[in-house]
Amino acid sequence: MRLLPRSLFGRLTLILVAGLVVAQLLSLGLTLRERSRLLHRFDSQRWAQHVADTVRLMEALPSGERGRVTRVLSRPRLRVLLRARRYPESHGRAMPDDLSGLSQTLHDVLAPRPTAVMRVPPDAPGLPAGRGDSDDRQLILTQVGLADGQWLLFLFRPPPLLPGHPLRLVVSSGALLAALLVLGVIAVRWVTRPLRILEHAAEALGHDIARDPLPEKGPLEMRHATRAFNSMQARLRESLELRDRFLAAVSHELKTPLTRLRLRVEMLPDAQLQARFSRDLDDMESMISASLDFVRGTYGHEATRQIDVLALVDSLVEDETSVGHRVSRSGAPRAHYPGRPQALRRCLENLVGNAIKYGGSARIVIEDGPDALVLRVLDEGPGMPPAELQRVFEPFYRVEISRSRDWGGTGLGLGIARNIARLHGGDLDLRNRPRGGLEAILTLPRRADAGTATRS
């Protein structure tokens with residue numbers, strides 16, 4: 001199972017998303033922790049001030065009035081009590097850490113009066129039961145010694161705990177994270193877009209060397225890469241043009257001695273010898289033409305246009321049947337195909353010619369789908385050893401039966417056909433049919449970037 005995305009865009013997006021999520025979670029955690037600390041400090045100061053105000057009020061009142069005032073100050077969650085002595089600490093729990101701040105604040109505000117803060121259970125002895133609440137949460141007991149020796153007790157029942165993660169803070173943090181993620185993905189897409197353009201241009205370069213140079217724009221690094229790509233394309237084009245000129249010169253120079261040889265053959269008095277020489281010259285000329293076509297790339301500079309594949313196949317079938325060959329067609333394409341018509345006809349002619357030569361007949365089956373146009377050429381011959389199915393595409397390689405002069409062939413027809421298929425962004429494969437015979441499968445993709453949508 002692949003955990004990391006394969007594309008640069010996916011990996012950059014993953015890094016960005018992971019970094020933003022971790023940073024936002026850490027920020028949210030620190031914010032909640034600081035919020036909790038500040039709220040606790042604020043509550044401690046407020047409670048200490050309330051206790052201090054009540055203590056000063058009690059000390060200013062006569063002893064007989066204090067009991068009535070404590071009843072007035074008491075509330076459902078707060079009981080104010082007067083005691084002659086300090087409530088024993090053995091009935092409560094030791095002061096926890098969350099009350100240490102409150103205890104210190106009370107000591108600072110009420111010094112030198114003695115103070116104590118503890119937690120006690122709801123049924124602690126010597127204390128009244130709470131009113132208006134039936135839960136069993138522990139109470140907070142704060143007691144302060146008055147100047148005349150009495151002790152003032154504050155018995156407080158805390159309200160239900162508030163959520164540790166406030167909804168508004170969590171929602172705002174989530175909205176901020178979502179906005180950052182959207183902007184991050186847009187930024188990564190914007191940064192990696194020139195790389196995708198360069199990738200598509202490199203893929204299309206193999207099909208159309210004469211395509212327009214890429215515009216040099218974007219970040220400085222992408223401009224340098226685009227400039228290097230355009231320079232490479234220009235050098236390749238110059239190299240291919242030099243090769244074409246060389247091949248044209250070679251072809252012209254080879255035809256001159258061949259023509260002289262034909263004239264001399266015509267002057268031979270022996271008819272049988274003349275026929276043998278003529279056949280050798282025909283083979284030589286055929287091999288030279290096929291070799292030049294193979295090296296030249298075969299129709300690589302032909303313009304692309306919409307091809308009526310059905311009309312092309314039917315014309316080929318008609319041409320073959322008119323000379324007595326058994327060739328048929330079944331199926332039809334759904335739409336025209338953008339490609340190089342002469343090159344595609346040459347490819348089909350090679351496949352049909354092989355099927356007729358080695359199988360006695362050819363049947364062309366057209367299958368069209370949303371992703372690819374498939375043309376199958378079937379014959380009824382002996383087939384081919386599995387080990388030879390790929391080797392026959394190599395230049396000048398021929399299966400043993402075709403090495404006989406009776407069969408002829410240069411060993412370049414299938415190689416040229418595959419080159420034409422790949423020129424269109426597709427491929428050509430061979431396989432033996434289950435009931436005998438060979439099947440050549442020509443696959444032509446219909447996607448927009450198949451390499452044939454632009455003109456050379």
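The values are calculated or read from the model by the stated rules, or taken from the named source; none is laboratory data. Being a predicted model, the structure only gives us computed values, none of them experimental. Neighbour counts are summed over all protein chains in view; Cβ atoms, including those assigned to glycine, are modelled from backbone coordinates with ideal geometry.
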- Task: Output the number of residues of the range 330-344 satisfying the condition of being outside any strand (DSSP E or B) and surrounded by fewer than 18 Cβ atoms within 10 Å (Cβ to Cβ).
- Result: 6
- If you go through the range 273-294 one residue at a time, do you hit one that is touching a Pro at 6+ places or on another chain (Cβ under 9 Å) and either assigned to a helix (DSSP H, G or I) or at pLDDT 90 or above (or both)? yes
- Query: Picking from 240, 261, which residue would you name as being surrounded by 12 or more Cβ atoms within 10 Å (Cβ to Cβ) and at pLDDT below 80?
  - Reply: 240
- Query: Taking the range 180-214, which residues are surrounded by fewer than 16 Cβ atoms within 10 Å (Cβ to Cβ), among the small types (Gly, Ala, Ser) and within 17 Å of residue 225 (Cα to Cα)?
  - Reply: 202
- Return only the number of the condition from (1) loosely packed, with under 13 Cβ neighbours inside 10 Å; (2) of a type in the set (A, V, I, L, M, F, W, C); (3) not in a helix (DSSP H, G or I) that residue 268 does not satisfy. (1)
- Message: What are the pairs with Cβ atoms under 7 angstrom where one residue, in the range 415-431, is over 18 Å from residue 385 (Cβ atoms) and the other, located anywhere, is of a type in the set (S, T, N, Q) and assigned to a loop (DSSP other than H, G, I, E, B)? Sequence gap at least six, or different chains.
- Response: 416/298; 419/298; 420/298; 424/452; 425/452
- Item | Extreme residue, modelled with the lowest pLDDT, among residues of the range 1-30 that are farther than 19 Å from residue 186 by Cα and outside any helix (DSSP H, G or I) | 1
- Message: When you check residue 436 against the structure, is it at pLDDT 65 or above, among the small types (Gly, Ala, Ser) and surrounded by fewer than 20 Cβ atoms within 10 Å (Cβ to Cβ), yes or no?
- Response: yes
- Quick one: what pairs do we get from the range 35-48, first residue farther than 23 Å from residue 115 by Cα, second assigned to a helix (DSSP H, G or I) and not acidic (Asp, Glu), C-beta under 9 Å, 6+ apart or different chains? 35/169
- Working carefully through the options 199, 221, find the one that is over 25 Å from residue 421 (Cα atoms) and without any contact (Cβ under 8 Å) to a residue 12 or more places away in the chain. 221
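Residue by residue, here is whether (1) at pLDDT 85 or above; (2) buried (at least 22 other Cβ atoms within 10 Å of the Cβ); (3) under 28 Å from residue 283 (Cα atoms) holds:
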| residue | (1), (2), (3) |
| --- | --- |
| 349 | yes, no, yes |
| 358 | yes, no, yes |
| 375 | yes, yes, no |
| 406 | no, no, yes |
| 430 | yes, no, yes |
| 449 | no, no, no |
| 454 | no, no, no |
- Message: Among the residues of the range 378-399, are any among the basic types (Lys, Arg), in a helix (DSSP H, G or I) and out of contact with any helix residue (DSSP H, G or I) (no Cβ under 6 Å at 6 or more places or on another chain)?
- Response: yes
- Reported set for the range 16-40 where residues are loosely packed, with under 13 Cβ neighbours inside 10 Å and of a type in the set (Gly, Ala, Ser) is 18, 19, 23, 29, 36
- Query: What is the number of the single condition among (1) in contact with a strand residue (DSSP E or B) (Cβ under 8 Å, 6 or more places away or on another chain); (2) modelled with pLDDT under 75; (3) part of a helix (DSSP H, G or I) that residue 95 does not meet?
  - Reply: (3)
